[in-house]
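Asks: Have a look at this one before I ask anything.
The values are calculated or read from the model by the stated rules, or taken from the named source; none is laboratory data. The structure displayed is predicted, hence computed values, not measured ones. Every residue, glycine as well, gets a Cβ built from its backbone with ideal geometry; the counts of neighbours run over all protein chains shown. When the accessible area is computed, the model is the full protein with side chains, heavy atoms only, and any ligands, DNA or RNA have been set aside. Shrake-Rupley method; radii C 1.70, N 1.55, O 1.52, S 1.80 Å.
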Amino acid sequence: MRLPLLRARWALVVLLLAVAALAVPALAWGRGSTLAHSTSASVLSVRTFRAPGRVTHLAVHWRGARGAWVRLALSRDGRHFARAVPVNLDDLYEAHPGRETFGAVIVARGVRAIRVLTDRPLQRLTVLWLDDRGVPLRPVARSASIGYAQPKVIPRVDWGANEAYRFNSSGQESWPSAFYPVQKLIVHHTATQNNDPNPAATVRSIYYYHAVTQGWGDMGYNFLIDEAGNVYEGRHTFDYPSRSSPTEENSLGYGVTAAHAQGYNSGTVGIALLGTLTSQDATPAARSALERLLAWESDHHGIDPQGASLYTNPVNGTQATFPNIAGHRDVAATECPGGAFYATLPMIRSDVATMLGGTAPTPDFSLSVSPGSQSVIRGHAAGYTVNVSPANGFTGSVALSASGLPTGASASFSPNPATTSSTLTVQTSGSTPLGSYTLTITGTNGSLAHSTTASVQVKRK
């Protein structure tokens, strides 16, 4: 009688283990590289979420309410929380618009809990907890021997891409590759942490977030560049061997279509700088790697780096004219690739042209603003510093103006015109509507005109 009873008890244990396994469908192993877990709940104004275990990265996304002002406070002990900071939206969120709003990936090594704060109720907010188990990558960027040689690109196999993410449950590739002649080069920032302690782990986390969480089946960028100047292969083309240098092209030299700029993905190359470049520029190493990659692409595809030509979408025939080396904001309503970095694009185009043996660069300037975002109580003022950076021997002053101000607000610059920097004061009134506003600051000198952006959040108190 005891043997049947023992067997029955073991059967019950097995059944309970099976049920427990089915109760955690949010867990997903990445061939020893990434463990993911999702936690969802409604958030009326403030809610605390506990990490399920070890965490290296996280991201939050919520149903609708893209205009919600969502902030996160991180805790390493589950009791004391750091100052809450706004959630940056995922750079490529607008590439796949829908009911879900996606925040950017956040480096969160050692975090045990987060506190979510929102200015409006959220029906469902999901925290994606990521534990990167990949081997740390410490590649050394190699310089090109001549200006337009392809810089070293780290293939997916070397940065630890889990290719299983690209296939659905039936074993079919979720997003088959398509190739078209390259017409434009579009630069992004990933809106992730600056001074990233492990950029390869962040690349793997972004890959999981795009391919699995957002359901694209792959990385949205063609290439990514970290602050040390290392260039990573993004969107899959072929299974390149270790230590090779992928081109993101087929045998005809056509570029693979990624998902980095909605409406402009086919026939363009999307290059993302790791970090947030809203109020600080790219590092010298990242900028050097970017310029070498842009020079190679420009020479390889016959693109004038300082030109602006007609783009024709090879899939649907849509046409638009914009710079051949463009920022994401040139083709979409986005802050990307960050105001501070975007202001340097004229100099980057000039540097690339010089690398290709073009004519001597003409005197120019760029604008940047800091901080990139300010919060102000309605009726009070917010202050910014606008920096004028001369290039190629530029001298003279720059006349400054601001647009995009909320109703009842005014802007003043001191001094104006400016030669090096100016203080921008945005004064709101008691009738200024609450909300977040994007300001465009423009500087002009003769025929030269450049703009940068900053944001102001008008609050009740």
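Asks: Show the residue pairs meeting these rules: Cβ distance below 6 Å; 6+ apart or different chains; first residue within the range 391-410 and within 17 Å of A449 (Cβ to Cβ); second residue part of a loop (DSSP other than H, G, I, E, B) and open to solvent by 60 Å² or more (accessible area, probe 1.4 Å).
Replies: Hits for this filter: N392/P363; F394/P363; S397/P417; S397/T419; V398/P417; A399/P417; L400/N416.
Asks: Filter the range 332-363 down to the residues that are farther than 13 Å from S451 by Cβ, open to solvent by less than 20 Å² (accessible area, probe 1.4 Å) and more than 17 Å from the chain's Cα centre (by Cα) and list them by number.
Replies: Listed by number, the residues that qualify are I348, S350, V352, A353.
Asks: Residue under question is F223, and the condition is that it be of a type outside the set (G, A, S) and surrounded by fewer than 19 Cβ atoms within 10 Å (Cβ to Cβ); does it hold?
Replies: Judged against the criteria, F223 is not a match.
Asks: Given the range 220-333, what strands (runs of 3 or more DSSP E) lie entirely inside it while holding 1 or more residues that are closer than 16 Å to T344 by Cα?
Replies: Ranges flagged: 268-273, 319-323, 325-327.
Asks: Also, I was wondering about something else. Out of the range 431-441, which residues are open to solvent by 30 Å² or more (accessible area, probe 1.4 Å) and either part of a strand (DSSP E or B) or modelled with pLDDT under 90 (or both)?
Replies: Hits for the range 431-441 are S436, Y437, T438, T440.
Asks: While we're here: Does at least one position in the range 317-336 carry a residue that is farther than 26 Å from L224 by Cβ and of a type in the set (A, V, I, L, M, F, W, C)?
Replies: No - not one qualifying residue is present in the range 317-336.
Asks: Additional query: Mind listing whichever residues of the range 43-64 are in contact with a strand residue (DSSP E or B) (Cβ under 6 Å, 6 or more places away or on another chain) and open to solvent by 40 Å² or more (accessible area, probe 1.4 Å)?
Replies: V46, R47, T48, R50, P52, R54, R63
Asks: Return yes or no: is L92 open to solvent by less than 40 Å² (accessible area, probe 1.4 Å), under 28 Å from Q262 (Cα atoms), under 20 Å from the mean Cα position of the chain (by Cα) and at pLDDT 95 or above?
Replies: No; evaluated as a whole, the condition is false for this residue.
Asks: Ok, one more. Looking only at the range 252-263, which residues are open to solvent by 10 Å² or more (accessible area, probe 1.4 Å) and either hydrophobic (A, V, I, L, M, F, W, C) or under 25 Å from A454 (Cβ atoms) (or both)?
Replies: Within the range 252-263, L252, Q262 meet the criteria.
Asks: Checking D196 against (1) in a loop (DSSP other than H, G, I, E, B); (2) open to solvent by less than 30 Å² (accessible area, probe 1.4 Å); (3) farther than 21 Å from V87 by Cβ: exactly one of these is not met. Which one?
Replies: The failed condition is (3).
Asks: Still on this structure, please answer the following. Of the residues P390, P406, P371, which single one is over 19 Å from N445 (Cα atoms) and modelled with pLDDT under 90?
Replies: The match here is P371.
Asks: Filter the range 303-327 for residues that are of a type in the set (A, V, I, L, M, F, W, C) and in contact (Cβ under 8 Å) with a residue 24 or more places away in the chain; which is most open to solvent (accessible area, probe 1.4 Å)?
Replies: V315
Asks: Using beta carbons and a limit of 7 Å, which pairs, at least six apart or on different chains, have the first residue in the range 242-262 and under 25 Å from L89 (Cβ atoms) and without any contact (Cβ under 8 Å) to a residue 60 or more places away in the chain and the second one among the small types (G, A, S) and surrounded by 21 or more Cβ atoms within 10 Å (Cβ to Cβ)?
Replies: Close Cβ pairs satisfying both conditions: A258/G220; A258/G234; A258/G270.
Asks: Taking the criterion of being small (G, A, S) and under 18 Å from the mean Cα position of the chain (by Cα), would at least one residue in the range 234-244 satisfy it?
Replies: yes
Asks: Further question on the same structure: Any idea which of (1) open to solvent by 40 Å² or more (accessible area, probe 1.4 Å); (2) closer than 28 Å to A454 by Cβ; (3) in a loop (DSSP other than H, G, I, E, B) is the one Q374 doesn't satisfy?
Replies: With respect to (1) open to solvent by 40 Å² or more (accessible area, probe 1.4 Å); (2) closer than 28 Å to A454 by Cβ; (3) in a loop (DSSP other than H, G, I, E, B), Q374 is out only on (3).
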